[in-house]
Amino acid sequence: MKIKAGIAISLIPWFLALGLYYSLAIHMYHSLGGWPESIGTRGFSSALLMHNNIHGFYISNLALFTIFVVPVIILLCLFVPRWRYLVIYLSLQLLGMLVFFLQMFFAPDGYTNWWLD
């Protein structure tokens, strides 16, 4: 049971990011009546702007943590024999980021183009 809980906990941050990504897409589509025609947040309601800011803050910080902090923790765990079992869970964090970015191929083009710009 311990292993399943560890796997779930490892994947929760990027699944939450995925939920925020698609919830922002749905919110944007319904609020604007389609995808934005220009880069930026011009014409966004205050609720949509807040949703976008929360999403941007979360994704930015999670990506920075995953790219810069997780590899250092993995290296540390590899050098401490008692912590080696944690490497698989930390590796799942990296896998979660990869899956998050790969799933963008399934999102609507109008939203993905706006999000990436």
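The values are calculated or read from the model by the stated rules, or taken from the named source; none is laboratory data. Everything numeric here is computed off the predicted structure, so don't read it as measured data. Don't worry about glycine lacking a Cβ; one is built from the backbone with ideal geometry, like all the others, and counts go over all protein chains shown. These area figures cover heavy atoms from the full protein model, side chains too; ligands, DNA and RNA do not enter into them. Shrake-Rupley method; radii C 1.70, N 1.55, O 1.52, S 1.80 Å.
Points to keep in mind about this one:
- Residue check, Ser91 under 12 Å from the mean Cα position of the chain (by Cα), assigned to a helix (DSSP H, G or I) and without any contact (Cβ under 8 Å) to a residue 60 or more places away in the chain: no
Every residue, every condition in (1) surrounded by fewer than 17 Cβ atoms within 10 Å (Cβ to Cβ); (2) among the aromatic types (Phe, Trp, Tyr); (3) closer than 30 Å to Ile73 by Cβ, yes or no:
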residue: Lys4; (1), (2), (3): yes, no, yes
residue: Ile7; (1), (2), (3): yes, no, yes
residue: Tyr21; (1), (2), (3): no, yes, yes
residue: Pro36; (1), (2), (3): no, no, no
residue: Phe44; (1), (2), (3): no, yes, no
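- Scanning the range 93-110 for residues that are open to solvent by less than 30 Å² (accessible area, probe 1.4 Å) and at pLDDT 90 or above, we see that the one that is nearest to Asn52 (Cα to Cα) is Phe100.
- Here the condition is being within 30 Å of Gly110 (Cβ to Cβ) and outside any helix (DSSP H, G or I); of Phe44, Phe57, Phe65, it holds for Phe44 alone.
- Any chance Leu16 is under 20 Å from Leu95 (Cα atoms), open to solvent by 60 Å² or more (accessible area, probe 1.4 Å) and at pLDDT 95 or above: yes
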